[in-house]
Each structure stands twice: as C-alpha cells, then as structure tokens.
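**Student:** Here it is, the structure, as structure tokens.
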Amino acid sequence: MTSQASSYAARQVPRYTSYPTAPYFTGEVDAALYRSWLSELHGDEPVSVYVHVPFCAELCLYCGCQTTVTRSPASVQAYLALLLRELELVGKALPGRKRLSHLHFGGGTPTILAPSDFRRLMAAIRESFDIEADAELAIEVDPRTISPALATTLAETGINRVSLGVQSFDPLVQTTIRRLQSFELTSRVAEWFRFAGVEGLNLDLMYGLPHQNVANVLSTVHQALSLDPDRIALFGYAHVPWLKRHQALLPEAALPGSEDRSAQFEAATARILAAGYVRLGLDHFAKPDDALCRSARAGELRRNFQGYTTDDAKVLIGLGSSAISRLPQGYAQNAATVAPYRSALSSDRLATARGVPLTPQDNLRASIIERLTCDFSVDLAALCHQHGFEIGELDDDLGRLQPMIRDGLAVRDGARIHVAPASRNLVRVISTAFDQRFVSQMSRHSPAV
C-alpha cells in the first residue's frame, strides 16, 4: 500500500449502514412522531423487522454492540415481555396488518433466549405480521452458548439462515479479546443447524484485532472455508474506546497499524476469492449462486444495519432497546439501554428516543452512497432524475470528490462515478464526498480499512 493510500485508509469515516448516519440522530424524533409515521404506512408492500436482544453471557472486549452481561434467565424473560408489549403497540399504530419479507434477530446474543421463550416470540411475530412463504428469517448465533435443543427450535419456528460469530480461531487472539471458541465447537454447531434443516450458513470473521497478522488471519480463513459457508463477512475491528469503554482493556500496542490491517484484509480476500466466492461490496462474500450474488448481478444489492442484504423493503421496523427503524419519513431509534426502554413500554408508550426526518436531499445522497458501497459505481444523472433533482445539485459533492479522483481513488466518466478497482477498500472514504452532514469529527468513526 502506498503512503497516500495508507493516509486514506487511516481516515475515520462512517460505515454508511444508514444515511444520515446515527451520530446525527436527535431527540426531534420522539414516540409521538414515530407513531404518526407508522400510522401513515398504507398500502400492501412488505416490511422487514429487526429484533434486538441486548444480553450476552459474557462481554467480548472487541464488541461494539449495544449489549450487557447477564446470567439471569429472569432478566431475559422480563425483556421478552417488553418485546411482546412493543409488538402490540407497533401493531396498534400501523394502519393494517403487514406482510413480512425479512426478519433478523441480532444483539447482543439473541440465542440467549431459552427455546420456549423463542417459540413465544416467534408466535407473537406471526400473530402481528403475515410472514411471506419465501421470507428470509435470520439470526445471529454465538456458538458458545447454543444447545442442540435451541438449534432445533430455531429451525422448527422457521429460521432459515444463521450467522455464526467466529472473529478468529487463533488462541492468542481469542484469549486477548476474551472469546474462547474452538474450531471444533464451531464445526459442531454448524452441523447441528444443517441437521435441523437450516439451509443458510454465514460466518462472521474479523481482521485488525490485537495480535492478528496475515498468517493467523489466513489460518482462520482456511478453517472457516472448510465449514463450507454460503456467505462470509470479513469485518474490520473498530477500536473506539471513547464510545465502548471496555475496549480500553485491549492492549493497544498489539493492535495492527493501518498498513497491517490492509494487508490482512487483502490476503483474506484473495484466499476467499480463490475458493470460488464472489466479493460483494466492502466486506461480504458469497457463493456465486447465492441470492446476494443474484441481487448484485441485477444491480439490486442493498445495504442496511445488518450489512449487505437482498432486503428491498422500504420499511424496516426495529424492536428492542437501541433498535433502529427506517421508514420513508425518517429513522427512529429506541432508547439505547433497557431501563428507559422498559420505562416507556411500562407506560404504554413506544420507546423512541431519537432519530432524524429524511429530506429529499437525504434520500438522493442515501441512494448514491448505497450504490457506491454496493456496486462501486453510480450513475449520478439517473439518480438525480429519479429523485427530482438536476445534476447541479451535486456540484459541491463533486468538488469534494475531485481530490480523490486526482489521487486515483475514483474515475469520473460524465455523470458516472466508478471506484478504481485498487481502491474498493476505500469506498467509505469516497462516499464522504456525497455526505452533506459529514464533518471532521473524526473520533466518532472507525478507520476506513
């Protein structure tokens, strides 16, 4: 990597799983406004639903999620009651029963729910929505905490895709991040799900963790590939101890630098591609016949808070503490922690704490950034026409892009912008040119690579 590329790679920029990004959410969006937005969702277009379970049996030091440690089944059951109440309130706010095309359980550790509790939750969701026959029902799984009984329950209740958290199989890395998980355990859990009939298997890997290097990252990738997953996500560790205080317990001296992080990503990417997978966007890979690849070939790949997806629903309803909903009118986020979430629902109020209404300019830039991060190419004229703008609306954006074009990160062909193949890892940096709200509050974000 050249010194110039290293400079770009070290920039701290948004991940762009939404636009506007979460740091620009404010209390302007409250429960009353969110309820009003829900009441305006007429029509029969399907929606997607995200359910957040903010508990883990233990805290991994690298974690950037909204979660807390509990070993109390009573705490989890009490939270389940709150989820069921929120489902009721959302159902009352909606103007009618909706079809559901995608359902995703995240956390935290959603598999901390007991089998009987998960059955209750799935039954309530089915009572609230009409789940389409081909809907994707996915869940994030910590292989260290799941049992064969729960794996069977997930399959029996309709889950058809699981994402197994791996991060790294290297013993030193695992010890440092406090996540001990053997390859043998992970393999065994994968077999449980396949035996139960769950067809979709994802693996989540990381680079940039303390003590990671090209050799042990490649070793992890080799072991992961032997499990024959349909999809692989390769995330860069975001060291943000000013936001996640527990990350300060990690040895900063053992963190790879920008060039080492890039080398790890590039080596892992080459190995995954050599195994026959297709790269999708920034950090996802899938088998060529996977639905993600079909969407990418059609120019229909999408990006949201769960990463790259085939989910094209215009409405995402978030349930649970910290969950974010995306509606045509804007974003709405629930209270970040369980206590205020509980307080709102106990008072028969939705737990919305903040968000941002969307302007026509936001929608235009969201589309541009999504196409850049999904396709590495965007037709600005076509998107401006689609959103009712003249191309001149983007004059300032193109001015911000010009230094990146000069430095070879991107190429402009009339109204089309292409990310240079060698700079695809830097597409988040390129996207900042079209982010009207982005300012140099660099500490709020993670490095570009």
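**Student:** May I ask you to say which residue of G108, G91 is modelled with pLDDT under 95 and either out of contact with any helix residue (DSSP H, G or I) (no Cβ under 8 Å at 6 or more places or on another chain) or surrounded by 14 or more Cβ atoms within 10 Å (Cβ to Cβ) (or both)?
**Tutor:** Just one listed residue meets the conditions, G108.
**Student:** Filter the range 143-156 down to residues that are crowded, with 16+ Cβ neighbours inside 10 Å and in contact with a Pro (Cβ under 9 Å, 6 or more places away or on another chain), then give me how many there are.
**Tutor:** 4
**Student:** If you scan the range 200-224, which residues turn out to be surrounded by fewer than 18 Cβ atoms within 10 Å (Cβ to Cβ) and either farther than 28 Å from P288 by Cβ or among the aliphatic types (A, V, I, L, M) (or both)?
**Tutor:** N213, V214, A215, L218 - these are the residues of the range 200-224 that are surrounded by fewer than 18 Cβ atoms within 10 Å (Cβ to Cβ) and either farther than 28 Å from P288 by Cβ or among the aliphatic types (A, V, I, L, M) (or both).
**Student:** For the range 358-381, which residues satisfy the criterion of being polar (S, T, N, Q), closer than 24 Å to L33 by Cβ and in contact (Cβ under 8 Å) with a residue 24 or more places away in the chain?
**Tutor:** Q361, N363, listed by residue number.
**Student:** For the range 34-70, what are the residues that are among the hydroxyl-bearing types (S, T, Y) and within 26 Å of P110 (Cα to Cα)?
**Tutor:** Within the range 34-70, Y34, S48, Y50, Y62, T67, T68, T70 meet the criteria.
**Student:** A further question on this structure: Please work out which one of (1) surrounded by fewer than 22 Cβ atoms within 10 Å (Cβ to Cβ); (2) in contact with a Gly (Cβ under 9 Å, 6 or more places away or on another chain); (3) among the hydrophobic types (A, V, I, L, M, F, W, C) is the condition V69 fails and give its number.
**Tutor:** All conditions are met except number (2).
**Student:** Tell me whether the range 405-418 contains one or more residues that are surrounded by 15 or more Cβ atoms within 10 Å (Cβ to Cβ), of a type in the set (V, I, T), outside any helix (DSSP H, G or I) and modelled with pLDDT under 95.
**Tutor:** no
**Student:** Scan the range 223-234 and report the pairs whose first residue is in the same structural domain as L201 (by TED's automatic domain parsing) and over 14 Å from Q167 (Cα atoms) and whose second residue is among the small types (G, A, S) and in a helix (DSSP H, G or I), with Cβ atoms within less than 7 Å and a gap of 6+ or a chain change.
**Tutor:** L227/S187; L227/A190
**Student:** I've got another one for you. Going through V29, V90 one at a time, which residue ends up being in contact (Cβ under 8 Å) with a residue 24 or more places away in the chain and not in a helix (DSSP H, G or I)?
**Tutor:** That would be V29, the only listed residue that is in contact (Cβ under 8 Å) with a residue 24 or more places away in the chain and not in a helix (DSSP H, G or I).
**Student:** Let me ask something else about it. Which members of the range 66-81 meet the condition of being in a helix (DSSP H, G or I) and more than 30 Å from T310 (Cβ to Cβ)?
**Tutor:** P73, A74, S75, V76, Q77, A78, A81
**Student:** Just give me the residues in the range 347-388 being among the hydrophobic types (A, V, I, L, M, F, W, C), surrounded by 17 or more Cβ atoms within 10 Å (Cβ to Cβ) and more than 23 Å from R294 (Cα to Cα), in sequence order.
**Tutor:** L350, A351, A353, V356, L358, L364, L380, C384
**Student:** Just the residues that are under 24 Å from the mean Cα position of the chain (by Cα) and over 24 Å from S187 (Cβ atoms), please, taken from the range 109-125.
**Tutor:** L121, M122, I125
**Student:** Now for a separate question. Among residues belonging to the range 299-337 that are among the small types (G, A, S) and under 19 Å from E45 (Cβ atoms), point out the one that is modelled with the lowest pLDDT.
**Tutor:** Step by step, filter the range 299-337, then rank; the result is A313.
**Student:** Related question: If D134 satisfies every condition in (1) buried (at least 22 other Cβ atoms within 10 Å of the Cβ); (2) of a type outside the set (V, I, T); (3) out of contact with any strand residue (DSSP E or B) (no Cβ under 7 Å at 6 or more places or on another chain) but one, which is the exception?
**Tutor:** The single condition D134 does not satisfy is (1).
**Student:** Additional query: Being at pLDDT 95 or above, surrounded by fewer than 16 Cβ atoms within 10 Å (Cβ to Cβ) and polar (S, T, N, Q), is that true of even one residue in the range 436-443?
**Tutor:** No, the range 436-443 has no match at all.
The values are calculated or read from the model by the stated rules, or taken from the named source; none is laboratory data. Quick caveat: nothing in here was measured; it's all calculated off a predicted structure. When we count neighbours, we look across all protein chains shown, and the Cβ atoms used for this are built from the backbone with ideal geometry, even at glycine.
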